[in-house]
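The values are calculated or read from the model by the stated rules, or taken from the named source; none is laboratory data. It should be emphasised that the depicted structure is a prediction, and the values quoted were computed from it without experimental measurement. Ideal geometry is used to build each Cβ from the backbone, glycine not excepted, and the neighbour counts take in all protein chains shown. What goes into the accessible areas is simple: the full protein's heavy atoms, side chains included, and nothing from ligands, DNA or RNA. Shrake-Rupley method; radii C 1.70, N 1.55, O 1.52, S 1.80 Å.
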Amino acid sequence: MRVHFVGAGPGAADLLTVRAVRLLEAADVVLFPGTYLDPGVLAHVSPDAELIDTQDLDLDQITARIVDAARAGRSVVRLASGDLSVYSALHEQARRLDAAGVAWDVTPGVPAYAAAAAAVGRELTVPLLGQSVVLTRTQARSTAMPSGEALAAFAATGATLVLHLAITRTRELMAEVAPHVGADCPVVVAHRVSQPEQQILRGTVATIADAVEAAGLRQAALIMVGRTLDPASAGESYLYDPRRDRTIKRR
């Protein structure tokens, strides 16, 4: 039996993909991250399915539940918040399933940063302001960051920064990026974006830490930093420029 890793998106029940909903409806066992998920997501699951909240389980315990269910011929969905391509522990889980001889596949989800950008109506790549997006995190009680991935180095590029798992270090991180992006650089913090408890905080590198501390945010939030978040001085894309030659050149 094949195990399905499914991106649950930012948490809202109506931001699942059609494929994800179909897999949830057909599942016999669903493992889900209770800390980050809107309970409405689980409304897509059959009432006969077994639900396993993984927030208090370690990786080996999670894998054991998956392997046991798959070997018993039960259809298994392993939900992950956001999309499996970033910060999902897909590699670690898949490696264990491979060793156990259990087949698996991946269904992508809406990433949290995309939902956050949508919530504030902003494009993260704006002509003349920023054409790159850096998805990164910081180290606190977590795995060490690779030595070459310093936040200051990313900030110096001028790319839009999306900081995951960083909300408890907001003040420290803003001090780190300020010399490179400026104290007036726009910042957006999105907490439980797309869920009923959603909070959006707007500010600058100089002011956002005060706002985060006043709101008491400690988890389930991401930080976006960049001039693209307030594109008053932006240019326009050459792709749609009326002066662009749209003649199809044939060889």
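Pick from 64, 99, 144: which is among the aliphatic types (A, V, I, L, M), out of contact with any strand residue (DSSP E or B) (no Cβ under 6 Å at 6 or more places or on another chain), surrounded by 13 or more Cβ atoms within 10 Å (Cβ to Cβ) and free of Cβ contacts under 8 Å to residues at least 12 places away in the same chain?
Just one listed residue meets the conditions, 64.
The set of residues from the stretch 71-84 being touching a Leu at 6+ places or on another chain (Cβ under 9 Å) and surrounded by fewer than 22 Cβ atoms within 10 Å (Cβ to Cβ) comprises just one member, 75. Residues in the stretch 199-238 that are surrounded by fewer than 22 Cβ atoms within 10 Å (Cβ to Cβ) and of a type in the set (Val, Ile, Thr) were compared, and the one that is nearest to residue 152 (Cα to Cα) is 204. Exactly one residue out of 151, 128, 124, 135 is closer than 20 Å to residue 221 by Cα, aliphatic (A, V, I, L, M) and more than 17 Å from the chain's Cα centre (by Cα): that is 151. Among the residues of the stretch 183-198, write down those that are under 22 Å from residue 10 (Cα atoms) and surrounded by 14 or more Cβ atoms within 10 Å (Cβ to Cβ). Across the stretch 183-198, the qualifying residues are 187, 188, 189, 190, 191, 192, 193, 194, 195, 198.
Output the residue which, of all residues in the stretch 115-132 that are surrounded by 18 or more Cβ atoms within 10 Å (Cβ to Cβ) and of a type in the set (A, V, I, L, M), is modelled with the lowest pLDDT.
129
Residues that are surrounded by fewer than 19 Cβ atoms within 10 Å (Cβ to Cβ) and touching a Lys or Arg at 6+ places or on another chain (Cβ under 8 Å) do not occur anywhere in the stretch 4-11. Contact annotation: residue pairs with Cβ atoms under 9 Å, 6 or more positions apart or on different chains, pairing a residue in the stretch 205-227 that is free of Cβ contacts under 8 Å to residues at least 40 places away in the same chain and part of a helix (DSSP H, G or I) with a partner that is of a type in the set (Asp, Glu) and loosely packed, with under 15 Cβ neighbours inside 10 Å, are 209/172.
Taking only the stretch 1-37 into account, find how many residues are among the β-branched types (Val, Ile, Thr) and either free of Cβ contacts under 8 Å to residues at least 12 places away in the same chain or closer than 16 Å to residue 194 by Cα (or both).
3
Taken over the stretch 63-87, residues that are over 14 Å from residue 102 (Cα atoms), touching a helix residue (DSSP H, G or I) at 6+ places or on another chain (Cβ under 7 Å) and modelled with pLDDT of 95 or more amount to 1.
For the stretch 163-189, which positions are in contact (Cβ under 8 Å) with a residue 60 or more places away in the chain and either assigned to a loop (DSSP other than H, G, I, E, B) or within 14 Å of residue 204 (Cα to Cα) (or both)? Answer for the stretch 163-189, where residues must be in contact (Cβ under 8 Å) with a residue 60 or more places away in the chain and either assigned to a loop (DSSP other than H, G, I, E, B) or within 14 Å of residue 204 (Cα to Cα) (or both): 165, 188. So is residue 193 of a type in the set (Val, Ile, Thr) and outside any loop (DSSP other than H, G, I, E, B) or not? So residue 193 does not fit the description; no.
For (1) in the same structural domain as residue 134 (by the TED database); (2) open to solvent by less than 60 Å² (accessible area, probe 1.4 Å); (3) touching a residue at least 40 places away in the same chain (Cβ under 8 Å), each residue gets a yes or a no:
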residue: 39; (1), (2), (3): no, no, no
residue: 47; (1), (2), (3): no, no, no
residue: 53; (1), (2), (3): no, yes, no
residue: 68; (1), (2), (3): no, no, no
residue: 93; (1), (2), (3): no, yes, yes
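Checked against the criterion of being open to solvent by less than 50 Å² (accessible area, probe 1.4 Å) and either touching a His at 6+ places or on another chain (Cβ under 6 Å) or free of Cβ contacts under 8 Å to residues at least 12 places away in the same chain (or both), the candidates 156, 150 yield just one match: 150. The residue that is farthest from residue 130 (Cα to Cα), counting only those in the stretch 159-174 that are buried (at least 19 other Cβ atoms within 10 Å of the Cβ) and among the hydroxyl-bearing types (Ser, Thr, Tyr), is 170.
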